[in-house]
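Engineer: Take this structure, written in structure tokens, and hold onto it; I'll ask about it next.
Since every read-out is calculated from the coordinates, none of them should be taken as a lab result. Note that the structure is a prediction, hence the values are computed from the model and not measured. No Cβ is skipped: glycine too gets one built from the backbone with ideal geometry, and neighbour counts run over all protein chains shown.
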Amino acid sequence: MSRMRFEYKKLDLNVLKDLEKGYAELPDGFVHFEFAGMGDGPVVVLIHGLSVSSFIWNHTYEYLRDEGYRVLRYDLYGRGYSQRLEKEYHKEVFRNQLSQLLDYLELSYERLILVGQSMGGVVAADYCLEHSFEVEKLVLIDTAGLPEKSNPVQKILKVPFLGKRIFKSLGMKIILDNATASLYDHKRFPEYKDLFLEQAQYEGYSHAILSSLVNMPMQSMVPDFERLAALQIPTLILWGENDPIINPSIGHMLKEVIPHAEFHLIKESGHHPHYEQSSLVNPILRSFLNSK
């Protein structure tokens, strides 16, 4: 799998049916998802980041499911096995995706606990602001949305036309390099690269990444986080102590913006502490979910 070609297949519903993947046909496109659990407790919604897919929640999803929680994970449009959209990826796209998926699953008026990581934190925060009456708690893991130093490549990618040209020739190398670098110790997770690359065989993946980089508020969410703080929704912030993608100083900054939030630095982990250090993160998550 790690030697596979990139974007040489089309993703359609027949692929999902052949692979026996669960999916929802929504107004904006089809979405791959998994939902487990019964009862009347809140629904824990797991929202992944920019370039990964819902596999990044493997350890979290399975843990919460086995603990008896109702838990939903899904692939954002353009990632994993969800539809590649032929339009730009703005925050409204992802807000509508989650809203429509909850409608499809008849969970629209259920109490929600949103768990967003990296760009998924932006999606979770945005949804929370628009649907605060639904959201009981919020978890932000190494989330984007606060200002930080952009590397030169990121700046060039945002230049119209030039960014598309560069990304067309170097995009998958950039994505893959960042994916490998995002882990504190990738040797501990030999499966990670292949799981990451599964999605890259389908056309439209690189467009989704570049469009999200350009159009999502990756560094301009401070006013939104301030509005969240005013809502006083119980919030948990988790950050990998060795995150090379979004520096832990951003986590401390976010804690200052949301003073009531509970904050934990996770040792020996990079951008995905819930994946790398699930034995540390899962108990913290469970304690937060169970807190009054």
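Engineer: Per 5 Å bin from zero, what fraction in whole % of the C-alpha pairs of region 30-91 is there, up to the bin with the longest pair?
Structural biologist: So the P(r) values, bin by bin, are 4, 19, 26, 21, 14, 9, 5, 1.
Engineer: Right, another one. Out of [x] 66, 40, 37; [y] 50, 42, 36; [z] 60, 51, 33, which label holds the value of Cα extents along the principal axes in Å that was computed here?
Structural biologist: [y]
Engineer: What size of dipole, in debye to the nearest 20, comes out for region 207-292 about its Cα centre when the only charges are +1 on Lys and Arg C-beta atoms and -1 on Asp and Glu C-beta atoms? Write down the numbers at each step before the final one.
Structural biologist: Details: 5 positive and 8 negative charges, 53 e Å.
Magnitude of the dipole: close to 260 debye.
Engineer: In whole Hz, what ³J(HN,Hα) sequence does region 22-34 give by Karplus (6.51, -1.76, 1.60; θ = phi - 60°), x for Gly and Pro?
Structural biologist: Rounded to whole hertz, the list is x, 8, 10, 8, 9, x, 8, x, 8, 10, 7, 8, 9.
Engineer: Follow-up question, since we're still on this one. For the chain, what is the mean residue ellipticity at 222 nm derived from helices alone (per DSSP H run of n ≥ 4: -39500 (n - 2.57); sum divided by total residues; nearest 500 deg cm²/dmol)?
Structural biologist: Working: 12 runs with 121 residues, N = 292.
Rounded to the nearest 500, it is -12000 deg cm²/dmol.
Engineer: Among Ala144, Leu46, Ile175, flag the residue with its Cα farthest along the positive direction of the charge dipole of the chain, charges on Cβ as +1 for Lys/Arg and -1 for Asp/Glu.
Structural biologist: Checked the options; the winner is Ile175.
Engineer: Work out the FRET efficiency for Asp28 and Glu268 from their Cβ-Cβ distance, taking R0 = 41 Å, and round it to the nearest 0.05.
Structural biologist: 0.55
Engineer: Rounded to the nearest 0.05, what FRET efficiency is calculated for Arg188 and Ser249 with R0 set to 25 Å and r the Cβ-Cβ distance?
Structural biologist: With a Förster radius of 25 Å, E is 0.50.
Engineer: Between Glu67 and Leu231, what is the label-point separation in nm under the 7 Å Cα-to-beta-carbon projection?
Structural biologist: Distance between label points: 2.2 nm.
Engineer: What does the charge add up to near Arg286, with Lys and Arg as +1, Asp and Glu as -1, over the other residues with Cβ less than 12 Å from its Cβ? Could the numbers behind the result be given before it?
Structural biologist: Numbers: positive: none; negative: Asp66, Glu67.
Net charge in that neighbourhood comes out at -2.
Engineer: Anything over 24 Å Cα to Cα? Flag those among Lys21/Lys193; Lys193/Lys255; Lys10/Lys193; Lys10/Lys87; Lys21/Lys267, in the order listed.
Structural biologist: Lys193/Lys255; Lys21/Lys267
Engineer: With a Förster radius of 45 Å, plug the Cβ-Cβ distance of Asn290 and Glu92 into 1/(1 + (r/R0)^6) and report the FRET value to the nearest 0.05. Please report the intermediate quantities before stating the final value.
Structural biologist: On the way: r = 33 Å, r/R0 = 0.74.
That pair, Asn290 with Glu92, gives E of 0.85.
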